[in-house]
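Engineer: One structure coming up, written as structure tokens, with questions to follow.
Readers should treat all values here as calculations from the given coordinates under stated rules, not as data from a laboratory. The structure displayed is predicted, hence computed values, not measured ones. Here Cβ is always computed from backbone atoms with ideal geometry, including for glycine, and neighbour counts include all displayed protein chains.
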């Protein structure tokens, strides 16, 4: 589906993205995907796939961008997605869902009002990740019975 320039501006979302070294190649691909969809992207690193870095630093940095409101959504990537999602979820106001496909991404928004998504670069293919990312960005929170549950998360 192609969007005109005006449609891109109207649907543009501020997105922070970060990875460790293992997640760098997938992160780079997702940055390009997001930019191509017309979103404003803040890339918080890592800067390359060679220099070893610590995923908690990048998960926290991205979550702080989202929790502060400087970004509307966040995307984090590490080798498995597990460590970086745990790090992100330690920041109050961040709700990071580790997803493996389109359905998990959609449900993370519909039922959990996730404002961040995590990918395991060693566990997900690039096309599946792009598809899940689009679902995450396009799916609204259902509210209703889910709203009270989200409130209990703090």
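Engineer: Within a 10 angstrom radius of the beta carbon, how do 119, 136 rank from fewest other beta carbons to most? Can you show the working numbers first?
Structural biologist: Working: 119 29, 136 22.
Arranged by neighbour count, lowest to highest, 119, 136 become 136, 119.
Engineer: Can you bin every Cα-Cα distance in the chain into 5 Å intervals starting at zero and give me the percent of pairs per bin, rounded to whole numbers?
Structural biologist: Calculated P(r), rounded to whole percents: 2, 11, 20, 24, 22, 13, 7, 2, 0, 0.
Engineer: Considering Cα pairs under 8 angstrom that are at least six residues apart, work out the relative contact order of the chain and quote it in whole percent.
Structural biologist: On the way: 321 pairs, mean separation 33.1, N = 154.
This gives 21 percent for the chain.
Engineer: Taking the number of other C-beta atoms within 10 Å as the exposure measure, put 55, 24 in order starting with the fewest. Walk me through the numbers before you get to the answer.
Structural biologist: Working: 55 27, 24 21.
Fewest to most other Cβ atoms nearby, the residues stand as 24, 55.
Engineer: Determine, for 14, 152, the number of other Cβ atoms within 10 Å of each Cβ, and report the residues in order from fewest to most. Present the calculation step by step, with values, prior to reporting the outcome.
Structural biologist: Numbers: 14 16, 152 6.
Result, fewest neighbours first: 152, 14.
Engineer: Fully extended, how many nm does the chain gain between residue 141 and residue 13 (0.36 nm per residue separation, minus their Cα-Cα distance)?
Structural biologist: Values: separation 128, 0.36 × 128 = 46.08 nm, distance 1.55 nm.
Length gained, residue 141 through residue 13: 44.5 nm.
Engineer: Ignoring everything except DSSP H segments at least 4 long, calculate the 222 nm mean residue ellipticity for the chain; use -39,500 (n - 2.57) per segment, divide by total residues, nearest 500.
Structural biologist: Numbers: 7 runs with 71 residues, N = 154.
Per the formula, -13500 deg cm²/dmol.
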